[in-house]
Amino acid sequence: MGSIPPSRHVDHSVGLLAAARAASAARVANQGRPEAELPPGPEPVQEPFVLDLHPARPARRGLLLGPSQKPVPFNVDPTLEQLSLPGCRVDLHASPHTLLGNRFFVSGSIPRIVSFETGQPGHATLGADGNWHLDPYIMEERYLAVRVRGRGVVVFSGCSHAGIINVVQNVKEVSGEHVFGVVGGLHLAGSKMEGRIPETVAALKEIDPDRVFGGHCTGWRAKAALVAAFPDRFQPLSVGGTYTFLAAPLGEAQKAEALVEGQSPDGEALP
C-alpha cells in the first residue's frame, strides 16, 4: 500500500498511526537496498507512504445532543505531526485529485443536491476558539473511486455523511460512467436517520448499481430494505473481509488498441 485517504470517523481511522508507523518502518528498512532485493508489490516500498487528508480536518469531533447539554467528544485523532514519520508524507488536498499513478480518484467536497440528505444532526467540531460548534454538513468529507475495466466505477464512501445519493450522483457526474459498485457505511442507522431509508433505496434503484456493500452504520433496517430492493446485489460489509472487483476480459480489438497505446494486453503500461 502506498497511500491512505482516511475516513472522517475516529472509529475508522484511529489505527492510522499504527499503519503509518508500520509503513515508516518498512521504508526505513528498505532504504538503500538494491531493487532486486526489495519485496514484490505494485508500489516500490522506497517511495513515500502518502497520508492524504483534507486541510479543513478539525482538531476534534463530537456530539452536541442539545443546546443546554455538554458536548460528548470523540477520541482524539492523530495529529499531522504524529503522522509525519520518516518515509511518510502528509498531503493536504481540498480539490479533486488522483492517487497511485492516477489509479484512484479522491473527490473534493461533495455537492449537496439531494433534498432529503440534510446532514448529520448533533455532529460538532472543536473550533480554534476552543468552543464546540454544530457541524451537520461535514463539508470536508470525501470519497474514493476507481474505474474497473469493462464494468464501470466503484465508489468507496467512508460513512456517507454527505448522503450516499449525493456521493453517487457526484461520481456519475465526474466520471460520466455507470456506477458498478457502492461500498461503505451508508449512515442510515438511528431514529434521526431511518426516515431517509425509503427515499435512499428508491434513488439507489434508479441509479441501478451492480453491487451494494453496506457497512455497520447502514443500520439493520436499511440493510433489510436494501436486501429487499437488491436481493442478489446487496451484501453487508464485514471487518477483515476481502472484496474483489474483477475487470472484464479484453476482446481482441481492445488488445490491439492497448498495444497501439503502449500497453500490454493485460492493461499494464509497457516500457
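The values are calculated or read from the model by the stated rules, or taken from the named source; none is laboratory data. As the structure is a prediction and not an experimental result, all values here were calculated from the model. For neighbour counting, all protein chains shown are included, and Cβ atoms are generated from backbone atoms with ideal geometry for every residue, glycine included.
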| said: Can you confirm whether residue 158 is surrounded by 15 or more Cβ atoms within 10 Å (Cβ to Cβ), at pLDDT below 95 and closer than 22 Å to residue 214 by Cβ? | reply: yes
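Got a sec? Which of 99, 65, 38, 51 is at pLDDT 90 or above, more than 16 Å from residue 140 (Cα to Cα) and out of contact with any Pro (no Cβ under 6 Å at 6 or more places or on another chain)?
Values: 65 fails: at pLDDT 90 or above; 38 fails: at pLDDT 90 or above; 51 fails: more than 16 Å from residue 140 (Cα to Cα).
Going through 99, 65, 38, 51 in turn, the sole match is 99.
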| request: For residue 164, indicate whether it is on the phi > 0 side of the Ramachandran plot and touching a strand residue (DSSP E or B) at 6+ places or on another chain (Cβ under 9 Å). | output: no
| query | Among the numbered criteria (1) at pLDDT 85 or above; (2) not in a helix (DSSP H, G or I), which single criterion is violated by residue 19? | reply | (2)
| request: Working only within the stretch 174-196, note down all residues that are under 28 Å from residue 148 (Cα atoms) and surrounded by 18 or more Cβ atoms within 10 Å (Cβ to Cβ). | output: 179, 180, 181, 182, 183, 184, 185, 186, 187, 188
| Selection from the stretch 80-124 of residues that are in contact with a Lys or Arg (Cβ under 8 Å, 6 or more places away or on another chain), in a loop (DSSP other than H, G, I, E, B) and more than 30 Å from residue 192 (Cα to Cα) | 85, 86, 87
| field | Hits in the stretch 207-221 - residues which are surrounded by fewer than 22 Cβ atoms within 10 Å (Cβ to Cβ), part of a helix (DSSP H, G or I) and either at pLDDT 95 or above or not hydrophobic (A, V, I, L, M, F, W, C) (or both) | value | 207, 216, 220, 221
